[in-house]
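Every number in this text was worked out from the coordinates using simple rules, so none of it is lab data. What you see is a predicted model; the values in this text were computed from it and never measured. Cβ placement follows ideal geometry from the backbone for every residue including glycine, while neighbour counts extend to all protein chains displayed.
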Amino acid sequence: DARMLVLDQACGECYEDLLTSPAAPALTRQVARALAAFHHVPVARHPELLAASRRHTRADELANIARARDHIAWCCPELADRVVALATEIAGQLPEFPAMLTHRDMKVDHVFLDGGTVNLIDMDSCALSDPMLDAALFAARLLALPAQGRLDLAVAQGLVEAFLGAYLAEVPTAWAVRLPALLAAGLLDVAQGFFVRQEPNWRDSIAAMVAMAEDTLLSLAALG
């Protein structure tokens with residue numbers, strides 16, 4: 001009657017606090033395997049999930065990409081042509097995708113590790129969508145940490161490599177073809193956030209994320 005949902009506490013240490021520990025690569029692979037297991041939840045066997053879950057379609061994702069494109073082009077007009085070209089290329093590489101259980105807001109501070117258990121929090125955006133959205137956005141947010149002064153670039157790149165390697169080993173091979181476009185889209189989404197939050201040196205950070213998105217479409221294309 002109170003329209004209230006009460007959940008058990010998400011126990012463990014926040015993944016964000018463990019990024020610089022010697023165990024970070026192994027913990028990152030643990031997170032990747034847990035995320036893949038989450039994506040493999042057989043939604044079709046749980047009618048309550050199908051009934052309660054919203055849908056995030058390819059059209060919705062294209063709308064998100066367009067918003068990020070327009071926002072960056074507005075606040076950084078010197079990047080407008082590059083961002084428009086990027087968004088067009090991403091849209092061209094983004095096929096229709098399966099509707100599976102997806103977190104849709106994967107951040108380093110939304111993951112808690114409790115021994116062998118990985119807990120995900122902040123499920124407000126959870127939807128039936130492309131599971132690769134989670135993997136791509138999580139990788140993009142790891143890559144954004146150096147621009148925020150929160151992690152060394154080489155460390156971030158190593159963690160992304162560990163995460164994607166472990167995740168892709170647990171999911172169907174065909175999923176990998178969507179990674180370059182979705183990671184580039186994730187980097188654009190992260191880029192606009194630098195301006196929204198008015199972070200120090202936001203203009204340089206946005207330019208760095210745009211350049212990384214451009215490189216992503218080239219360097220990860222072979223994964224498919």
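Numerical summary
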read-out: MRE, 222 nm, helices only [DSSP H, n ≥ 4, -39500 (n - 2.57), over the chain, to nearest 500]; value: -17500 deg cm²/dmol
read-out: For the stretch 121-224, convex hull volume per residue from C-alpha positions, Å³; value: 109
read-out: By average C-beta atoms within 10 angstrom, highest first, the peptides 160-166, 138-144, 53-59; value: 138-144, 160-166, 53-59
read-out: Two-site label geometry, Ala154 and Asp8: point separation in nm, points 7 Å out along Cα→Cβ; value: 4.1
read-out: Relative contact order (percent, whole number), the chain, Cα cutoff 8 Å, 6+ residue spacing; value: 25
read-out: Share antiparallel - DSSP beta bridges, the chain, percent rounded to 5; value: 80
read-out: Separation between Cα centres of the stretch 189-210 and the stretch 70-140, rounded to whole Å; value: 16
read-out: Share of Cα-Cα pairs in the stretch 50-164 lying beyond 18 Å, as whole percent; value: 62
read-out: Directionally averaged projected area (convex hull, Cα atoms, the chain), nm²; value: 13.2
read-out: 10 Å binning of all Cα-Cα separations within the stretch 110-164, expressed as whole percents from 0 upward; value: 21, 44, 33, 2
read-out: Other-chain or far-sequence residues with amide H under 5 Å of Met100's (modelled H); value: Ser129, Asp130
read-out: Share, in percent, of DSSP beta bridges within the stretch 1-134 that are antiparallel, nearest 5; value: 80
